[in-house]
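K.L.:
Could you have a look at this structure, given as structure tokens, before my questions?
The values are calculated or read from the model by the stated rules, or taken from the named source; none is laboratory data. Everything quoted here is computed from the prediction, not taken from an experiment. No Cβ is skipped: glycine too gets one built from the backbone with ideal geometry, and neighbour counts run over all protein chains shown. Quick note on the areas: whole protein, heavy atoms, side chains included, nothing else; ligands and nucleic acids left out. Shrake-Rupley method; radii C 1.70, N 1.55, O 1.52, S 1.80 Å.
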Amino acid sequence: MNNENLQDKERFIDDGQSVNVIHSPQCVDCVFNMGLLDCAMLGEKPEKYLSNEEKCPEFEAE
């Protein structure tokens, strides 16, 4: 294995500090989603659904 191939492989080794987690609320794919904080079924969205702590009972996929 040459030096160039080794450098390519090292880019994909997890060092434990380069991971980015992107949070996506379940509301994003729901037909009742009316924006950041509003829902057609629930009115104001509860935090537990926005942060995916619980599954929304009204969720319906688009």
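K.L.:
Suppose all protein chains stay in the model; what accessible area per residue would a 1.4 Å probe give for the chain, in Å²? Write out the running numbers ahead of the final one.
P.N.:
On the way: 5360 Å² over 62 residues.
Ligands and nucleic acids excluded, the figure is 86 Å² per residue.
K.L.:
With a 1.4 Å probe and all protein chains left in place, how much of the accessible area of the stretch 1-43 comes from carbon and sulfur atoms, in whole percent? Please report the intermediate quantities before stating the final value.
P.N.:
Working: 2040 of 3860 Å².
Ligands and nucleic acids excluded, carbon and sulfur reach 53 percent.
K.L.:
Using a simple charge model, +1 on the beta-carbon of Lys and Arg, -1 on the beta-carbon of Asp and Glu, nothing else, what dipole does the stretch 1-48 show about its Cα centre, in debye to the nearest 20? It would help to have the intermediate numbers written out before the result.
P.N.:
Values: 4 positive and 9 negative charges, 33 e Å.
Computed charge dipole of the stretch 1-48: roughly 160 debye.
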